[in-house]
1. Provide, for q = 0.19, 0.22, 0.31 Å⁻¹, the log10 of I(q)/I(0) from a solvent-free Debye sum over equal Cα point scatterers in the range 2-61.
2. Run the numbers on the range 2-61 and let me know its relative contact order in percent, using alpha-carbon pairs under 8 Å that are six or more apart.
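Nothing in this text is a laboratory measurement; each read-out follows from the coordinates by a stated rule. Just so we're clear, the structure is a prediction, and the values are computed from it rather than from any experiment.
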Amino acid sequence: MARLYVLLFLVQVVLAVCALISCLSAEDEQVKVLPRLVWVLVILFFPLVGSIAWFVAGRERATGPGGVAASGGTAAPARRPLAPDDDPDFLASLDKRSRAEDQERLRRWEEDLRRREEELRDRPDDRDRPEV
């Protein structure tokens, strides 16, 4: 019987830790019903009930594919991209910067080629010199 109590205690602790991590890492607009500080206190003082309450009522549900929430309703669209490669503005700026760098590199190569061609034209031809 003691093993069952230890197991239930560990489950409660793990659930409380997961709820705290979820509560503290949630965005401000994802925290519902109560302020974040109150949720943290509820989870700490009432670990089992507070953790279950947090997961049921305290946060927005995670969205699945197509923006459908786990409860079946539609979730609000994400306000910001999750990663830089999901951000169209960032990708456009990378493309613009890459094109500008390519144009600058091409301009320098053309300048270098013109300079070398002029040096070759200005250099006296070795075949016209008499051998000494």
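1. Normalising to I(0) and taking log10 leaves -0.60, -0.76, -1.30.
2. Details: 49 pairs, mean separation 24.3, N = 60.
With pairs under 8 Å counted, the relative contact order is 40 percent.
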